[in-house]
Amino acid sequence: GELDWVVMKCLEKDRTRRYESPGALAADVWRYLDDEPVEACPPSRWYRLGKFARRHRAALVAASLVAASLIAGTVTSVIYAIKASDSAEKADIARGIADIKTAEANDAYRRLLEHVRRSREEAYPTDVRLARQAWENGETGRARELLDRHLPQEGHPDLRGFEWHY
């Protein structure tokens, strides 16, 4: 194809479209032999790009490999970044759920402590009456057992009143 263009340019009817000198013809032949674009061909970007690619094949292959490596590295990095982001989001969700469960457990524990406190407050007058009856019946061990239940414990309020000393 390229040599055909060179010959066709030599045979042009219009003198202005022919080679200006035998040196110009020789230069175009040398360009063909050096795998460079010849001037006789129609000016096409694809033609010039193809010639450039044939002349610099090794450099283009190396550049393509570098570009492919960079693209592969970027894609891999993005994939791992997305996975890390998903993992962090899942960890945040799990932490939020754990915080909610902890709050629920703390609330249940406070309700239980309140229930125990109320139960102790409600049981105290009954146990004092039962201790008095046991004392009157001569059951001092039973009376002592009932009263010992209400000795002040660490972290709990002292529920005993004047009756305790009586």
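Values for this structure:
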quantity	calculated
When residues of segment 5-34 are limited to those that are part of a helix (DSSP H, G or I) and of a type in the set (G, A, S), the one farthest from K51 (Cα to Cα)	G23
Segment 118-134, subset at pLDDT 90 or above and in contact with a helix residue (DSSP H, G or I) (Cβ under 6 Å, 6 or more places away or on another chain), residue nearest to D158 (Cα to Cα)	L130
Residues satisfying the stated conditions in segment 62-72, i.e. closer than 29 Å to Y32 by Cα and open to solvent by less than 80 Å² (accessible area, probe 1.4 Å)	A62, A63, S64
Single match in E20, E89, E104 (criterion: open to solvent by 60 Å² or more (accessible area, probe 1.4 Å) and over 40 Å from the mean Cα position of the chain (by Cα))	E20
Tally, over segment 35-61, of residues that are assigned to a helix (DSSP H, G or I) and open to solvent by 70 Å² or more (accessible area, probe 1.4 Å)	10
Every residue from segment 146-166 that is more than 30 Å from R110 (Cβ to Cβ) and assigned to a helix (DSSP H, G or I)	F162, H165
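The values are calculated or read from the model by the stated rules, or taken from the named source; none is laboratory data. Fair warning: this is a prediction, and the values are worked out from it, not measured in the lab. Ideal geometry is used to build each Cβ from the backbone, glycine not excepted, and the neighbour counts take in all protein chains shown. Areas reflect the complete protein model, heavy atoms only, side chains present, ligands, DNA and RNA absent. Shrake-Rupley method; radii C 1.70, N 1.55, O 1.52, S 1.80 Å.
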